[in-house]
Amino acid sequence: EIIDNMMTLSTELQSSLESKIKQFEEERTMPLISNMELRGIERGKEIGKEIGKEIGALENARDYIKMVLKTRLGDIPIEIEQAVDKISVLSILDELLKSALTVNSFDELRQFFEQWSQ
């Protein structure tokens, strides 16, 4: 306030001064998110997409197995359905799908689960 009273600037100089002060303040202010943080966010998104794909593949494999079993053998016993839902390794689900295509009964399929659990 004292400086304002002592020095009166023309409108043009006042505008220039305010512009330079604003520019100085912006240059001194750190960005809200650093480049490292942005890279971390992008990496997190990539990991999330991969996890989503893996979860989707597991769910699809389980659904295919249940569809094959229901089509070939009828209503699926609850313990078989729960056992299928517990499997979280895609290669095991692939093997189970092959078994589901060839077994003649749920008892035969139970043998797969016995071998898998060992």
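Quick notes on this one:
- Failed item in (1) over 30 Å from the mean Cα position of the chain (by Cα); (2) modelled with pLDDT of 85 or more, with Glu46 passing the rest: (1)
- Subset of segment 56-90 (residues that are without any contact (Cβ under 8 Å) to a residue 12 or more places away in the chain, within 18 Å of Glu114 (Cβ to Cβ) and in a helix (DSSP H, G or I)): Ile78, Glu79, Gln82, Lys86
- Scope segment 93-116; condition more than 18 Å from Leu58 (Cβ to Cβ) and free of Cβ contacts under 8 Å to residues at least 40 places away in the same chain; matching residues: Leu101, Thr102, Val103, Asn104, Ser105, Phe106, Asp107, Glu108, Arg110, Gln111, Glu114, Gln115
- For segment 60-85, filtering for residues that are surrounded by fewer than 12 Cβ atoms within 10 Å (Cβ to Cβ) and of a type in the set (D, E, K, R) leaves 3.
The values are calculated or read from the model by the stated rules, or taken from the named source; none is laboratory data. Values in this document were obtained by computation on a predicted structure and should not be read as measured data. So basically every Cβ, Gly included, is an ideal-geometry build from the backbone, and we count neighbours across all protein chains shown.
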